Amino acid sequence: MAGHRWRLARAAVLAAVFVCAACGLVYELALVALGSYLIGDTVGQASIVLGVMVFAMGVGALAAKPLQSRAAAAFAAVELLLALLGGLSVLLLYAAFAWLDLYGPALVATAFVLGLLIGAEIPLLMVLLQRIREQSAGSAVADLFAADYVGALLGGLAFPFLLIPVFGQLRGALVVGAVNAVAGLALVFTVFRRDLGPRAKAGLTAGAVAVTLCLGYAYLVAEDFEVTARQQLYRDPVVHAERSRYQEIVLTRSVARGGQPDLRLFLNGDLQFSSLDEYRYHEALVHPALAGARGSVLVLGAGDGLAVREVLRYPDVSAVTVVELDPAVVALARAEPALRALNGDAFADPRVRLLHTDAFGWLRTAAERFDAVIVDLPDPDETATAKLYSVEFYALVRQVLAPGARIVVQAGSPYFAPRSYWCIEASIRAAGFAVTPYHVDVPSFGDWGFLLAGPGPGAPPLELPAGAPPLRFLDANTLALAANFPPDRARLDVPASTLLQPRVLEYARAEWRGY
């Protein structure tokens, strides 16, 4: 009978290790994911979070030494604190970002305290395991770390495939915090209840009630909190907000001076267009690329449908293939009445074919050939998008071009981010294109640049297509001026960006910092 009780108690300790490890990894992933959503620097955020937490775990392991004489009570207290901070971590950091502009220091502090508490777990659990039955240190360590690593695997899989889709990031962290608290308290109040004195039991019970109430209340108000915090980040009223698998999508609407409605789309906080002046951007992007053959057009990105709207104004365009990664953006463009009116219900046109896939991966296997390619992708200020501005990417684009085809790339601002702009130009040239740079003024963005290119020996001329439809902004004189760059924004001799050396990412982060 004693042997049976020993095995059950040992299994309970290892189960607690398993659950706590899963919860700990979820906290780490939640901090990394939140940083990538809010800041956009996935590699940088992961490095900060993991580096700080691993360092703090070492400190926590040392700090747990004086607590080993009261291991049961100390472990339960650590789990309550970990459940409270870990569960509230996303909420607190989002508040620091939205209201206090203290996200960086708050992230480091949160990662450090979480790491400190996680680091204290294993030494305390080791003591508790040895109290059940004395065994060699090597065997005990092997058992604990086996459960710990398998639990980490569960947490790593549960975060993207269960918690985020079912609960969302904010409520998902709260749910994990509750699981963390239950696992720690269940172990201590069952297997090690005799190690707890009356004061320890009372204190832990009161702490458990307080943590439960706090996490429960936060869960109930999470949606209202998120709406309020999100609105704090945007000047205009938010009329639609969702977090897709890939990004946060926000649509705002206001009435500008003169009574014109101003509809704005933001992806991960970056403005994609304003309805007041988007025609300037999209006319400059699309029409010069269609001055040659245009029977079959490929559009990479542009899930809002505005670039597609301009392409469809040409009756001799027979087919438009749109490769857009995020189906949620297209769904919004199809369903939101104001956005649908703005894009002319472009995705309902029978000439349009939609593909929801990664542009880089799709180009690697594409067998079709296109007369024109319009590259309207998010700026290269994140790791995920930097590869779409590389020499390798433009070499893949070159493979799908029909003879005499043109491509156009939105390339950011030659005024605010000149090194980024000319790095993209250098990358296109390195892929075997001749390039014509040009830029126009878009009030919502400022001075904005594009790159028109062709695979031939000579750069394609910057001109309007024969039989172009009536345009609000672009004409021959405007295009002639667009090709001129003033002395303070002359061409920069910068190296190209590649997959292994994403220089454009470094430039974009440095140049857009503070804007």
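Which value, in debye to the nearest 20, describes the size of the charge dipole of the range 115-263 about its Cα centre when Lys and Arg Cβ atoms bear +1, Asp and Glu Cβ atoms bear -1, and nothing else is charged?
Numbers: 13 positive and 12 negative charges, 63 e Å.
That gives a dipole near 300 debye.
Per-residue ellipticity at 222 nm computed for the chain from its helices equals -18000 deg cm²/dmol, with DSSP H segments shorter than 4 residues left out and the rest contributing -39,500 (n - 2.57). Counting only DSSP beta bridges with both residues in the chain, the antiparallel share comes to about 60 percent. Descending by average beta-carbon neighbour count within 10 Å, the peptides 169-175, 206-212 line up as 169-175, 206-212, the highest first. Summing charges over neighbours of residue 165, with a neighbour being any other residue whose Cβ is under 14 Å away from its Cβ, gives +2 when K and R count +1 and D and E count -1.
Given an 8 Å cut-off on Cα distances and at least 6 residues of separation, report the relative contact order of the range 354-420 as a percent.
Values: 61 pairs, mean separation 26.8, N = 67.
Computed over the range 354-420, the figure is 40 percent.
Protein heavy-atom accessible surface, 1.4 Å probe, per residue over the range 198-356: 43 Å².
Net charge dipole, the chain: roughly 1720 debye, given to the nearest 20, about the Cα centre with Cβ charges of +1 for Lys and Arg and -1 for Asp and Glu.
Ranked by the mean number of other Cβ atoms within 10 Å of their residues, highest first, the peptides 192-201, 65-74 come out as 65-74, 192-201.
Carbon and sulfur atoms: what percent of the 1.4 Å accessible area of the chain do they account for? Present the calculation step by step, with values, prior to reporting the outcome.
Working: 13660 of 22250 Å².
Answer for the chain is 61 percent, counting heavy atoms of protein chains only.
Scaled to the globular estimate 2.2 N^0.38 Å, the Cα spread of the range 145-251, given as radius of gyration, is 1.43.
Return the label of the correct value of mean projected area of the Cα convex hull in nm², as calculated from the structure shown, out of (i) 28.2; (ii) 23.6; (iii) 25.1. Working out mean projected area of the Cα convex hull in nm² from the coordinates points to (i). Spin-label model, residue 368/residue 195: points 7 Å from Cα along the beta carbon direction are separated by 6.5 nm.
The values are calculated or read from the model by the stated rules, or taken from the named source; none is laboratory data. Nothing here was measured: the structure is a model prediction, and the numbers come from that model. When we count neighbours, we look across all protein chains shown, and the Cβ atoms used for this are built from the backbone with ideal geometry, even at glycine. Each accessible area value is taken on the protein alone, full model and side chains, heavy atoms only, with ligands, DNA and RNA left out. Shrake-Rupley method; radii C 1.70, N 1.55, O 1.52, S 1.80 Å.
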